[in-house]
Amino acid sequence: MISFLCFRAGFTHSILEPKICITSGGQLIFSFWPLHVLAAIKAAVLIQRWYRSYMARLEMRRRYALSIFQSIEYAEEQAQLQLSKFFTFMLDHFTKTNETDPDVSSNFFSTTSDYTMREYEQTIEVPASYYGPHLCFPLTVADTDVLLQAFKHRQHLHARYVLQLLHETRKVLQQMPNITHLSTSYTKEITICGDLHGKLDDLLLIFYKNGLPSEENPYIFNGDFVDRGKNSIEILIILFAFLLVYPNHLHLNRGNHEDHIMNLRYGFTKEVMKKYQCYGTAILHLLEDVYSWLPLATIIDSKVLILHGGISDTTDLNFLNLFQRNKLKSVLRPVKSNAETVCKPRGASLVETCSHRTEATKSLSGQDISLKEATRSTSAPSKRRRYSRDVSDGKEHLGNLPGRGSSRLLPEVQYLKPGTVTTPNTSSELTTKEWKQVVDILWSDPKHQNGCTPNKFRGGGCYFGPDVTARLLRRYNLKMLIRSHECKQDGYEISHNGKVITIFSASNYYAEGSNRGAYIKLNPDLIPRFVQYQVSKSTRKETLHQRVTAIELSALKCLREKLYTHKSELIAAFRQYDPNYTGKISPSEWASAVESVLCLDLPWRTLRSRLVYLDQDGRVEYLSSFDNFEIQLPIKEVQPFLVETLCRYKADLEIIFNMIDKDHSGLISVDEFRQTWKLFNLHLRINVDDESIDSLARSIDFNKDGSIDFNEFLEAFNVVHKFENRYNH
């Protein structure tokens with residue numbers, strides 16, 4: 001192929017413009033192009049440059065909108081995890097302050113017993129008027145088809161069947177190891193899905209594109225099935241039903257949202273109570289136990305590790321495979337100190353535990369893992385599995401159990417080098433080491449830099465670098481780590497030199513059009529193939545510009561609400577740069593003040609033009625940060641500072657009072673409200689006097705019956721846009 005180098009000869013006055021072209025062989029060719037052709041070429045180049053610039057600007061807007069959503073999400077998760085400190089504080093002090101119920105501290109995290117649940121389930125009758133799906137146990141493929149069709153038509157499964165399904169699911173999960181081992185030798189490919197977060201349409205689309213779970217089409221769902229979306233319970237029912245039908249071909253890993261305290265903040269508790277009302281509490285209590293039996297990780301062909309969040313520099317797969325996982329009901333439940341653990345200081349945050357190295361294993365030379373101990377640690381006594389060790393290559397690794405025919409119930413686990421044994425802890429109390437190991441694999445995120453540092457943005461787990469990944473893979477003779485836990489714009493991301501893959505299956509996670517979903521097809525060569533999709537409804541007919549604008553406006557609205565709930569702190573920070581009260585500061589001063597208060601790590605100087613007004617000199621009118629927002633239906637008796645405080649900590653208060661409100665009726669006593677708020681006030685060192693709290697408690701008890709409708713109380717403290725209705729019309 002001949003390449004040409006062309007330039008003008010300068011005769012622009014003629015109809016044909018001369019061009020001198022030099023071939024790759026050095027020959028000169030004198031040619032003429034018509035002027036209209038040159039004009040067309042110039043126009044095409046200009047249009048191409050403009051289009052590329054336009055698309056780059058749209059991409060930049062989409063990316064910073066996604067970063068806003070993600071920063072706010074991580075800040076909320078940080079606040080959620082920091083509640084563990086308050087729960088510890090509350091259990092230490094509640095008995096002293098609550099004389100009317102001295103046993104509340106022991107009942108604060110109580111769970112309904114299995115015997116009571118069984119009795120309760122058997123008393124539930126399915127009325128003749130019920131037109132939803134009926135289930136018969138053991139389930140068949142026909143039952144899964146019935147469930148899928150019913151949920152497509154927005155029908156609900158009756159509470160009796162839900163409870164039966166959960167009981168049967170728990171039985172199956174109890175027989176599974178902490179780390180499940182699979183092989184691609186029996187099927188052509190294994191499908192791996194990431195977070196679904198209650199988005200039923202995404203799950204149905206995956207099944208439509210990829211086929212239903214079966215012996216020939218196995219699946220792994222990598223946690224976070226619930227919360228945020230509107231159909232979390234339907235997703236759980238579908239996944240659990242397929243698990244019962246194909247226990248060897250559909251596999252579930254636990255995510256950080258498979259946690260009953262997380263569900264209080266992110267919507268799943270409300271969803272269950274709304275759909276199942278008087279039976280909701282029984283379902284939630286049983287789910288709490290089901291969560292605790294979900295496996296923690298999966299390994300494919302002894303080479304690919306799949307877990308929800310990530311790893312740390314102290315992650316020990318041998319330890320994780322042996323400890324009694326059902327002891328961990330929630331990472332937010334306080335861990336009691338005991339002599340077996342190296343405990344963090346009282347009041348330390350969850351992220352601080354990342355720097356506390358713990359002993360990986362206990363060396364007991366000359367001892368082997370007994371079948372009795374290994375079986376007792378992770379499964380029911382009736383189901384036994386064989387453990388062996390293979391140290392021919394001098395490396396710890398995890399192997400497979402030879403199956404009978406084409407299906408295997410539980411694989412054999414090969415691990416540990418001679419002289420190193422991890423003794424399973426069968427104590428009913430969760431140790432700090434066990435707690436930290438699980439927090440790390442459920443909450444951690446990868447980073448580009450080497451090392452392992454506390455994940456301060458989420459508040460739990462750690463950030464792990466390529467060197468941490470390489471060491472763990474080398475230690476266990478693994479090839480790759482597949483994880484989820486983070487929304488990615490394209491549904492997946494490859495990092496750490498191809499050794500870490502993030503897969504996220506909930507499309508439109510933050511807003512309509514914000515991101516694609518994806519899943520992975522893994523073949524016997526362990527070469528991942530990515531399939532992307534996006535559930536499109538309202539955005540199908542919109543232009544790209546319209547979709548990006550809608551995402552951007554939604555992100556900016558969330559950010560403005562965040563600014564408004566920290567109004568007092570922000571004004572104080574602004575006025576440090578404005579001693580003369582001019583109402584104006586420089587853009588850099590405004591950005592520094594906002595970041596010092598919100599700690600969201602956002603490009604504030606870039607965002608300032610969308611959040612505040614600038615004067616003719618380019619200075620920021622900082623009070624405009626709070627324009628166009630107000631509190632919905634504020635209670636007149638509440639002081640402005642208290643209103644702002646309630647808005648800021650509304651989600652935390654909702655979790656705390658939902659835990660007090662055992663029947664989830666939405667009603668709590670005035671005394672419970674007063675005493676708990678005082679404890680919350682004391683713990684966070686909020687400067688709200690007792691008289692204001694008492695006045696608030698009296699004012700929101702409208703009918704003076706001694707109870708507060710806390711759901712209505714929370715609705716009174718929503719931050720809304722003043723002109724939102726105007727935009728909607």
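On inspection, Glu119 fails the criterion of being modelled with pLDDT of 90 or more and open to solvent by 20 Å² or more (accessible area, probe 1.4 Å).
Screening the candidates Arg540, Arg547 for the property of being of a type in the set (Lys, Arg), under 19 Å from Gln70 (Cα atoms) and modelled with pLDDT under 85 yields one hit, Arg547. Entry remark, region 221-255: residues being more than 17 Å from the chain's Cα centre (by Cα) and in contact (Cβ under 8 Å) with a residue 40 or more places away in the chain number 13 in total. For region 189-202, residues that are open to solvent by less than 30 Å² (accessible area, probe 1.4 Å) and closer than 18 Å to His485 by Cβ total 8. Taken together, Arg648, Arg674, Arg619 contain a single residue that is out of contact with any Cys (no Cβ under 6 Å at 6 or more places or on another chain) and either open to solvent by 80 Å² or more (accessible area, probe 1.4 Å) or modelled with pLDDT under 70 (or both), which is Arg619.
Within region 655-671, being farther than 9 Å from Ile708 by Cβ, modelled with pLDDT of 75 or more and surrounded by fewer than 19 Cβ atoms within 10 Å (Cβ to Cβ) holds for one residue alone: Asp671. No other residue among Ser554, Ser568 is in contact (Cβ under 8 Å) with a residue 60 or more places away in the chain, farther than 22 Å from Leu614 by Cβ and more than 28 Å from the chain's Cα centre (by Cα) apart from Ser568. Among the residues making up region 148-163, those that are surrounded by 18 or more Cβ atoms within 10 Å (Cβ to Cβ) and either in contact with a Phe, Trp or Tyr (Cβ under 6 Å, 6 or more places away or on another chain) or part of a loop (DSSP other than H, G, I, E, B) (or both) are Leu157, His158, Ala159.
Yes or no, residue by residue, for (1) at negative phi; (2) modelled with pLDDT of 95 or more; (3) within 19 Å of the chain's Cα centre (by Cα):
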| site | (1), (2), (3) |
| --- | --- |
| Tyr266 | yes, no, yes |
| Lys274 | yes, no, no |
| Gln277 | no, no, no |
| Thr281 | yes, no, no |
| Leu294 | yes, yes, yes |
| Ile299 | yes, yes, no |
| Val304 | yes, yes, no |
| Leu307 | yes, yes, yes |
| Thr315 | yes, yes, no |
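Restricting region 526-553 to residues that are open to solvent by 40 Å² or more (accessible area, probe 1.4 Å) and part of a helix (DSSP H, G or I) leaves a set whose member that is farthest from Tyr208 (Cα to Cα) is Leu553.
Out of all the residues in region 577-586, is one or more among the aromatic types (Phe, Trp, Tyr), open to solvent by 70 Å² or more (accessible area, probe 1.4 Å) and assigned to a loop (DSSP other than H, G, I, E, B)? Looking for residues that are among the aromatic types (Phe, Trp, Tyr), open to solvent by 70 Å² or more (accessible area, probe 1.4 Å) and assigned to a loop (DSSP other than H, G, I, E, B), one finds at least one in region 577-586, hence yes.
Would you be able to say whether some residue in region 291-298 is of a type in the set (Gly, Ala, Ser) and open to solvent by 10 Å² or more (accessible area, probe 1.4 Å)? Among the residues of region 291-298, not one is of a type in the set (Gly, Ala, Ser) and open to solvent by 10 Å² or more (accessible area, probe 1.4 Å), which makes the answer no.
Kindly establish whether Ser609 is exposed (fewer than 14 other Cβ atoms within 10 Å of the Cβ) and within 20 Å of Cys558 (Cβ to Cβ). Yes: the conditions hold for Ser609. For region 521-537, state whether one or more residues are of a type in the set (Asp, Glu) and farther than 30 Å from Leu598 by Cα. So far as region 521-537 goes, yes, one or more of its residues are of a type in the set (Asp, Glu) and farther than 30 Å from Leu598 by Cα. Set side by side, the residues Asn508, Asn523 differ, and just one is open to solvent by 30 Å² or more (accessible area, probe 1.4 Å), in contact (Cβ under 8 Å) with a residue 40 or more places away in the chain and not aliphatic (A, V, I, L, M), which is Asn523. Looking for something open to solvent by 60 Å² or more (accessible area, probe 1.4 Å), within 30 Å of Glu512 (Cβ to Cβ) and either of a type in the set (Val, Ile, Thr) or part of a helix (DSSP H, G or I) (or both) - is there at least one such residue anywhere in region 60-70? Yes, region 60-70 has at least one match.
Reported count of residues in region 448-479, each being modelled with pLDDT under 95 and charged (D, E, K, R), is 2. Kindly establish whether Gly223 is within 20 Å of Lys521 (Cβ to Cβ) and surrounded by fewer than 24 Cβ atoms within 10 Å (Cβ to Cβ). When the stated conditions are applied, Gly223 does not pass them.
When Ile503, Ile482 are checked against the criterion of being part of a strand (DSSP E or B), modelled with pLDDT of 90 or more, touching a Gly at 6+ places or on another chain (Cβ under 6 Å) and open to solvent by less than 30 Å² (accessible area, probe 1.4 Å), a single residue qualifies: Ile503.
The values are calculated or read from the model by the stated rules, or taken from the named source; none is laboratory data. Given the structure is predicted, the values throughout are model-derived calculations rather than measurements. Quick reminder, even Gly has a Cβ in these numbers, built from the backbone with ideal geometry, and neighbours come from all protein chains shown. Please note that ligands, DNA and RNA were not included when accessible areas were found on the heavy atoms of the full protein model with its side chains. Shrake-Rupley method; radii C 1.70, N 1.55, O 1.52, S 1.80 Å.
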